1. For region 84-93, does any single residue satisfy the condition of being open to solvent by 80 Å² or more (accessible area, probe 1.4 Å), assigned to a helix (DSSP H, G or I) and of a type in the set (Val, Ile, Thr)?
2. Can you pull out every residue in region 57-74 that is open to solvent by 10 Å² or more (accessible area, probe 1.4 Å) and either touching a residue at least 60 places away in the same chain (Cβ under 8 Å) or within 9 Å of the chain's Cα centre (by Cα) (or both)?
3. Which one is farthest from Val27 (Cα to Cα), of the residues in region 75-100 that are hydroxyl-bearing (Ser, Thr, Tyr) and without any contact (Cβ under 8 Å) to a residue 40 or more places away in the chain?
4. For residues in region 1-34 being among the basic types (Lys, Arg) and touching a Leu at 6+ places or on another chain (Cβ under 9 Å), which is least open to solvent (accessible area, probe 1.4 Å)?
5. Among Asp50, Asp59, which is among the acidic types (Asp, Glu) and not in a helix (DSSP H, G or I)?
6. Just give me the residues in region 35-52 being exposed (fewer than 14 other Cβ atoms within 10 Å of the Cβ) and either under 23 Å from Phe96 (Cβ atoms) or touching a residue at least 24 places away in the same chain (Cβ under 8 Å) (or both), in sequence order.
Amino acid sequence: PGCVTKYMVAMVVIDNMYNSSELKNSVTITKQLTEYGDTFKLGESVEVGDLIKAMLIGDSDQAAEALATYSASGRKIFVNEMNAKATELGLTDTHFTNPSGAYSTG
């Protein structure tokens with residue numbers, strides 16, 4: 001489920017972009033984001049395009065969480081956007097609870 005979840009993260013992030021130049025925008029890795037992995041170090045500045053690559057190619061939970069933070073004003077809002085996208089795509093039995101695809105009883 002994690003990989004499928006990360007595809008949805010990528011689709012929502014790209015849908016939320018004004019244009020492809022946002023791929024060059026930087027996201028700073030916060031202390032909270034270090035709790036999701038060690039792909040990137042605390043304080044590191046990472047371009048959105050590199051976060052997408054790390055998430056899709058490297059299966060980075062940390063990158064998925066960073067992208068959710070970047071793309072929406074809150075994690076819960078981003079997850080709601082993921083679920084709205086699933087509905088839009090006709091995925092009626094799909095419900096996301098987080099951007100990384102980590103196991104959740106919900």
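The values are calculated or read from the model by the stated rules, or taken from the named source; none is laboratory data. Computed from a predicted structure; not experimentally measured. Cβ coordinates were reconstructed from backbone atoms using ideal geometry, including for glycine residues, and neighbour counts include every protein chain displayed. SASA here: full protein model, heavy atoms, side chains in, ligands and nucleic acids out. Shrake-Rupley method; radii C 1.70, N 1.55, O 1.52, S 1.80 Å.
1. Step one: of region 84-93, the residues open to solvent by 80 Å² or more (accessible area, probe 1.4 Å) are 87-89, 92-93.
Remaining after also requiring assigned to a helix (DSSP H, G or I): 87-88.
Those left that are additionally of a type in the set (Val, Ile, Thr): 87.
Scanning region 84-93 turns up at least one residue that is open to solvent by 80 Å² or more (accessible area, probe 1.4 Å), assigned to a helix (DSSP H, G or I) and of a type in the set (Val, Ile, Thr).
2. Asp61, Thr69, Tyr70, Ser71, listed by residue number.
3. The first filter runs over region 75-100 and keeps only residues hydroxyl-bearing (Ser, Thr, Tyr), leaving 87, 92, 94, 97, 100.
Remaining after also requiring without any contact (Cβ under 8 Å) to a residue 40 or more places away in the chain: 87, 92, 94, 97.
Working: Thr87: 29, Thr92: 32, Thr94: 29, Thr97: 22 Å.
Among them, the one singled out is Thr92.
4. Quick first cut of region 1-34, residues among the basic types (Lys, Arg) only: 6, 24, 31.
Subsequent filtering for residues that are touching a Leu at 6+ places or on another chain (Cβ under 9 Å) retains 6, 31.
Values: Lys6: 5, Lys31: 142 Å².
Selected residue: Lys6.
5. Unique residue meeting the criteria: Asp59.
6. Passing the criteria: Glu35, Asp38, Gly49.
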